[in-house]
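The values are calculated or read from the model by the stated rules, or taken from the named source; none is laboratory data. Keep in mind that this is a model prediction, so the values were computed, not measured. Quick reminder, even Gly has a Cβ in these numbers, built from the backbone with ideal geometry, and neighbours come from all protein chains shown. These accessible areas exclude ligands, DNA and RNA; they are computed on the full protein's heavy atoms, side chains included. Shrake-Rupley method; radii C 1.70, N 1.55, O 1.52, S 1.80 Å.
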Amino acid sequence: MLFQIFCVTLPQSWGLNLMNGIGTILLFSLSELMRLDILVWVASVPLLILTSIFFCVQYRQSRRLKSDLAQLAKVKRHTIEYDLVLKAMKLSVWRIDLPTHTITYESDYREGLDLPVSKGGSDVGSFCENLLPGSRERVHQSMVDLFEGRSDEFHEQYEMRLPYGDQTCWAESFAIVDKRDQNGKALSVVGTSMRIDRQKAIERALTEARNHAEESDRLKSAFLANISHEVRTPLNSIVGFSEVLPMVRSEEERDKLLKLIKQNNAHLLRLFDDMVNMSKLEAGNETIQKEYFDLNTLLADVADRYNVHAAAKDLKLEVKTLADGPTLYTDRNRLGEILNQYVNNAIKFTEKGSVTIGYDVKDNTLRLWVRDTGIGIPAEHCDEHLFERFVKVNDFVPGTGLGLSICRSLAQSIDARVGMESKYGEGSQFWVELAID
């Protein structure tokens, strides 16, 4: 309103010019403003497009990064699980590069990491050299078969040397071809190995237990066969001679029959004594009863027991002792039973001459021996095998083959050992040796 009044008060020409100028300025300003707005919008469209593209790229990268992180976490979790399995199974993972012929251990959780391996890679040939001869050729051939495609997998158990001393260990390995070239030729092999010493020890224990069971079954059968024969022979003699005895009128014949009956009675009693002693030793129910006793007295008691048997065969039974015989502290009954077995066998296998009981003391060691002038034992039978069960050098002589086995078991129970020397046709000497204070 003030502007209009101001224009009215001016001269008419001036007012018209002023109005036209102002209108021109306003029109110019509006046109410029419209032009700038158009330029701004034109310039902002690419910017908006670039900004949208940038945010899309950033969004895709962030999603990819999240996916990679999740995959990395998953791989890490799988690696932890993988290591856990290797540790639990005590396995090692190795790889053989065939072009370079080297073996590299990538992870090794086996027991005893002092094994002859190199984690940095070593020649496969050096690995085979550490195997024992019994395993080397077999393992090498299995590897070659895998490398050359004749087999799909490698699986072997082998024994190898440890890098210290003469010790060895058992191992088991599995392997397959990991990579091949275009022609199908193997380039690398991946495998696992583990120590199996405990497994082999269990296998050996089971094998020994099986062999022991089979041996026990064999011995039981042999025992029944021997016992049935040994029992039947004296029983038949006793029963037969007892039936004939009332019909015999001659005193001389009667005495012969009585003598035979007594001999078979003694043989039968000895047979049952051996069976009872063997049963007691196997059961292990009897405890060792140590006591102090005079050795000379023990030898005299053994001789008194067999004087009648020796005299019946016109044999001289002698005892050689020292004036100041030692006093022993051990199980008197078990030591006496060993001597009884020795004297009984000596009388049985001696037809003429003598049987002598004695002992020697040397370096705190006491050796008791029974020497005879009997038929002796061939050299091929003079070994530890003679002290095993049911071993008989002469099958035509009555006996179960348990006597010497009982002697060895009795000796072991009192920390003693047994042995023998013999010359065929000249006689034998059986002994038992123990330490004394």
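Are any residues in the stretch 231-272 at pLDDT 80 or above, of a type in the set (S, T, Y) and in a helix (DSSP H, G or I), and if so, which ones?
S237, S242, listed by residue number.
Note down all Cβ pairs under 9 Å where the first residue falls in the stretch 236-253 and is more than 22 Å from A266 (Cα to Cα), the second is open to solvent by less than 90 Å² (accessible area, probe 1.4 Å) and in a helix (DSSP H, G or I), and they're at least six residues apart or on different chains.
V248/R254; V248/L257
Could you check the stretch 338-358 and list, in sequence order, the residues that are among the aliphatic types (A, V, I, L, M), under 45 Å from the mean Cα position of the chain (by Cα) and either open to solvent by 30 Å² or more (accessible area, probe 1.4 Å) or over 10 Å from L315 (Cβ atoms) (or both)?
Of everything in the stretch 338-358, those that are among the aliphatic types (A, V, I, L, M), under 45 Å from the mean Cα position of the chain (by Cα) and either open to solvent by 30 Å² or more (accessible area, probe 1.4 Å) or over 10 Å from L315 (Cβ atoms) (or both) turn out to be I338, L339, V343.
If you go through the stretch 359-377, how many residues are of a type in the set (S, T, N, Q) and either within 13 Å of G427 (Cα to Cα) or open to solvent by less than 30 Å² (accessible area, probe 1.4 Å) (or both)?
Final tally of qualifying residues: 1.
Search the stretch 181-210 for residues that are more than 17 Å from M160 (Cα to Cα) and touching a residue at least 40 places away in the same chain (Cβ under 8 Å) and pair each with any residue that is in a strand (DSSP E or B) and acidic (D, E) when their beta-carbon atoms are under 7 Å apart and the residues are at least 6 apart or on different chains.
Final answer for the pair search is S188/D97; S188/D178; V189/D178; V190/D178.
Identify all residues within the stretch 246-271 that are exposed (fewer than 14 other Cβ atoms within 10 Å of the Cβ) and farther than 20 Å from V308 by Cα; write none if there are none.
P246, M247, R249, S250, E251, E253
Select from the stretch 154-170 the residues that are at pLDDT below 85 and of a type in the set (D, E, K, R) and write down the one among them that is nearest to I96 (Cα to Cα).
This residue is R161.
Here are some residues: D331, D294, D304. Which one is modelled with pLDDT of 85 or more and open to solvent by 80 Å² or more (accessible area, probe 1.4 Å)? Please lay out each step first, then the result.
Working: D331 fails: open to solvent by 80 Å² or more (accessible area, probe 1.4 Å); D294 fails: open to solvent by 80 Å² or more (accessible area, probe 1.4 Å).
After applying the criteria, what remains is D304.
Using the structure shown, decide if L315 is modelled with pLDDT of 90 or more, closer than 13 Å to V370 by Cα and crowded, with 17+ Cβ neighbours inside 10 Å.
When the stated conditions are applied, L315 does not pass them.
Out of the residues in the stretch 232-248 that are more than 14 Å from K259 (Cβ to Cβ) and not charged (D, E, K, R), which is farthest from the chain's Cα centre (by Cα)?
M247
Restricting attention to the stretch 378-389, report how many residues are open to solvent by less than 20 Å² (accessible area, probe 1.4 Å) and aliphatic (A, V, I, L, M).
1
Considering every residue within the stretch 205-226, establish whether at least one is open to solvent by less than 70 Å² (accessible area, probe 1.4 Å) and under 30 Å from F127 (Cβ atoms).
yes
Taking the stretch 148-173 as the region of interest, how many residues are crowded, with 18+ Cβ neighbours inside 10 Å and over 16 Å from Q199 (Cα atoms)?
The qualifying residues number 1.
Of all residues in the stretch 182-206, which are touching a Ser or Thr at 6+ places or on another chain (Cβ under 9 Å) and of a type in the set (A, V, I, L, M)?
M194
Return the only residue of S173, S151, S142, S118 being part of a loop (DSSP other than H, G, I, E, B) and at pLDDT 85 or above.
None of the others qualify; the one that does is S151.
Just checking, which of D166, D178 is assigned to a strand (DSSP E or B) and out of contact with any Cys (no Cβ under 8 Å at 6 or more places or on another chain)?
Checking each option against the conditions leaves just D178.
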